[in-house]
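K.L.:
Quick one: the structure is below, questions incoming.
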Amino acid sequence: MDHQTQIELEAATFRRLRDHLRAHTEVQNIDLMNLADFCRNCLSKWYVAEAQEKGIEMEYEAARELVYGMPYAEWKDKHQAPASAEQQAEFAAREAAKRGGE
């Protein structure tokens, strides 16, 4: 496979993941973090980092809108449920484990 085709396939795969996450708003970011150690906000941060790597200025909120398909505040109002105590505890335990069990 040539390099350009690989880039195009990777970009298409990213768009498919982004669209899948947009369609499944019932999947909360904390669920993604607890299961896969990334979420929509992580994708937004990675997008900004890759833009900066190419010398392109990009605001985090602009990247969030690209990932969420709408301004984050709007998505949060429409789709984000409060994290349960269990979800928060699982997240805290995962973060502690990453830091070496502090």
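K.L.:
Residue under question is residue 18, and the condition is that it be surrounded by 10 or more Cβ atoms within 10 Å (Cβ to Cβ), in contact with a Leu (Cβ under 8 Å, 6 or more places away or on another chain), part of a helix (DSSP H, G or I) and charged (D, E, K, R); does it hold?
P.N.:
yes
K.L.:
State all residues of region 24-81 that are within 22 Å of residue 92 (Cα to Cα), more than 12 Å from the chain's Cα centre (by Cα) and either aliphatic (A, V, I, L, M) or surrounded by fewer than 16 Cβ atoms within 10 Å (Cβ to Cβ) (or both); if no residue qualifies, say none.
P.N.:
Of everything in region 24-81, those that are within 22 Å of residue 92 (Cα to Cα), more than 12 Å from the chain's Cα centre (by Cα) and either aliphatic (A, V, I, L, M) or surrounded by fewer than 16 Cβ atoms within 10 Å (Cβ to Cβ) (or both) turn out to be 26, 35, 76, 80, 81.
K.L.:
Looking at 13, 5, 25, which is the one that is touching a helix residue (DSSP H, G or I) at 6+ places or on another chain (Cβ under 7 Å), at pLDDT 95 or above and of a type in the set (Val, Ile, Thr)? So that I can check it myself, show each step before the final result.
P.N.:
Details: 13 fails: touching a helix residue (DSSP H, G or I) at 6+ places or on another chain (Cβ under 7 Å); 5 fails: touching a helix residue (DSSP H, G or I) at 6+ places or on another chain (Cβ under 7 Å).
Being touching a helix residue (DSSP H, G or I) at 6+ places or on another chain (Cβ under 7 Å), at pLDDT 95 or above and of a type in the set (Val, Ile, Thr) holds for just one of 13, 5, 25, which is 25.
K.L.:
Does at least one position in region 3-20 carry a residue that is among the polar types (S, T, N, Q) and touching a residue at least 24 places away in the same chain (Cβ under 8 Å)? If you could, list the steps in order and put the result at the bottom.
P.N.:
First pass over region 3-20, keeping only residues among the polar types (S, T, N, Q): 4-6, 13.
Now narrow it down to the ones that are touching a residue at least 24 places away in the same chain (Cβ under 8 Å): none.
No; the residues of region 3-20 include none that is among the polar types (S, T, N, Q) and touching a residue at least 24 places away in the same chain (Cβ under 8 Å).
The values are calculated or read from the model by the stated rules, or taken from the named source; none is laboratory data. What you see is a predicted model, and the numbers here were worked out from it, not measured in a lab. A quick note on method: Cβ atoms are made from the backbone with ideal geometry, for glycine too, and the neighbour counts reach across all protein chains shown.
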